[in-house]
1. Looking only at segment 206-231, which residues are outside any strand (DSSP E or B) and buried (at least 21 other Cβ atoms within 10 Å of the Cβ)?
2. For Ser44, all conditions in the list (1) within 15 Å of ligand 1 (Cβ to nearest atom); (2) part of a strand (DSSP E or B); (3) open to solvent by less than 10 Å² (accessible area, probe 1.4 Å) hold save one; what is the number of the exception?
3. Would you please name the residue that is surrounded by the most Cβ atoms within 10 Å (Cβ to Cβ), looking only at residues in segment 64-92 that are of a type in the set (S, T, N, Q) and within 15 Å of ligand 1 (Cβ to nearest atom)?
4. Say we look at segment 5-20 and pick out the residues that are surrounded by 21 or more Cβ atoms within 10 Å (Cβ to Cβ) and of a type outside the set (Ser, Thr, Tyr); which of these is nearest to ligand 1 (Cβ to nearest atom)?
5. Which one of these is under 18 Å from the mean Cα position of the chain (by Cα), at pLDDT below 90 and more than 30 Å from Phe133 (Cβ to Cβ): Asn42, Asn89?
6. From the residues in segment 251-279 that are farther than 23 Å from Thr223 by Cα and among the hydrophobic types (A, V, I, L, M, F, W, C), which one is least open to solvent (accessible area, probe 1.4 Å)?
7. Of all residues in segment 135-165 being over 16 Å from Phe87 (Cβ atoms) and in contact with a Ser or Thr (Cβ under 7 Å, 6 or more places away or on another chain), which is surrounded by the fewest Cβ atoms within 10 Å (Cβ to Cβ)?
8. When you go through (1) within 24 Å of Lys187 (Cβ to Cβ); (2) at pLDDT 95 or above; (3) not in a helix (DSSP H, G or I) one by one for Gly84, which number turns out not to apply?
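The values are calculated or read from the model by the stated rules, or taken from the named source; none is laboratory data. It should be emphasised that the depicted structure is a prediction, and the values quoted were computed from it without experimental measurement. Virtual Cβ from ideal backbone geometry, glycine too; neighbours counted across all protein chains shown. For accessibility, only protein heavy atoms count, side chains too; no ligands or nucleic acids. Shrake-Rupley method; radii C 1.70, N 1.55, O 1.52, S 1.80 Å.
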Amino acid sequence: MNEIVTVNQISYHYTEEDARPALNDVSFSINKGEWIAIIGPNGSGKSTLAKAINGLIEPSGGEVKVGPYELNEENIWSIREMVGMVFQNPDNQFVGSTVQDDVAFGLENQGLPREEMVERVREALEKVNMLEFAEREPARLSGGQKQRVAIAGIVALRPDIMILDEATSMLDPKGREEVLRTVKEVKERENLSVISITHDIDEAASANRILVMREGKLIKEGTPEEIFSYGDQLIEMGLDLPFPEKLKSSLKNSGINVPSEYLTEEGMVEWLWTYDSKK
Ligand SMILES: Nc1ncnc2c1ncn2[C@@H]1O[C@H](COP(=O)(O)OP(=O)(O)OP(=O)(O)O)[C@@H](O)[C@H]1O
Ligand SMILES: [Mg+2]
């Protein structure tokens, strides 16, 4: 297997007094080019897990490996070069006074020749469809546009892995859709691996695989179809189900025989369209 991230039995306590570890014996791996969604209730350890992957915290036990590097003091900067992170609040991520300055900021530490820097900024903005906004003030953009600029800042650094920690949660539906589409396009073009921590079920449904966290533990792992089929258990955990699954569940409760496999919205429309009640 072409593993790019391997997490092996890691645990973490923020403080000595913590009765419950923020991470408790978590293991999983991610293949190159894969999109993983991490879901779970508030406080279940999702962000802590993301921090463990790029070395913002040091697990008390277990190992983390990113690309060829074991996570340790010596390799931490090589690992951070491989992993880019986008956070929740688009307004906390800006340092530049124009969009292009902002995207250039991360590159400035890399000591690239100026022409190459300009070229990389242009390329990155083009990839997230924000080139025409290059000279604008970041503060004047919509939430979705701000997050796309944040993504460009990461793309310019050419990482192997992009971690989105609730990066769409403060956006309106249009902004979410726009950011999600951007991530998909960038992922395909750059062959990135994506880890998206999310409460948004459409975002989770876009993943190849979903990990479910609860109380610091990884309690489930599967394809979106497999995970969504846990229906009521997910609702108990405070997670919303995709609309077609909710519809299926109420149809089932009214005694209608619904398909057991996961259906997208289009799939559900198709099924309803051809449904024969006399069967
Ligand atoms: N800086 C910190 N200091 C002490 N405890 C913390 C700190 N950050 C998180 N915790 C605790 O660690 C546990 C896991 O938190 P974490 O932020 O990883 O959860 P999460 O799944 O990302 O939650 P959310 O959905 O709210 O973002 C929680 O019990 C939380 O209170
Ligand atoms: Mg979090």
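1. Passing the criteria: Ala207, Gly216, Ile227, Phe228.
2. So Ser44 meets the others, but not (2).
3. So the first thing to find is which residues in segment 64-92 are of a type in the set (S, T, N, Q), and the list is 72, 75, 78, 88-89, 92.
Keeping just the survivors that are within 15 Å of ligand 1 (Cβ to nearest atom) gives 88-89, 92.
Working: Gln88: 17, Asn89: 13, Asn92: 8.
Filtering segment 64-92 for residues that are of a type in the set (S, T, N, Q) and within 15 Å of ligand 1 (Cβ to nearest atom), the one surrounded by the most Cβ atoms within 10 Å (Cβ to Cβ) comes out as Gln88.
4. First, the residues of segment 5-20 that are surrounded by 21 or more Cβ atoms within 10 Å (Cβ to Cβ): 5, 7, 10, 12.
If we keep only those that are of a type outside the set (Ser, Thr, Tyr) as well, we get 5, 7, 10.
Numbers: Val5: 17, Val7: 14, Ile10: 13 Å.
Here the residue is Ile10.
5. Details: Asn89 fails: more than 30 Å from Phe133 (Cβ to Cβ).
Just one listed residue meets the conditions, Asn42.
6. Leu251
7. My answer is Glu135.
8. (2)
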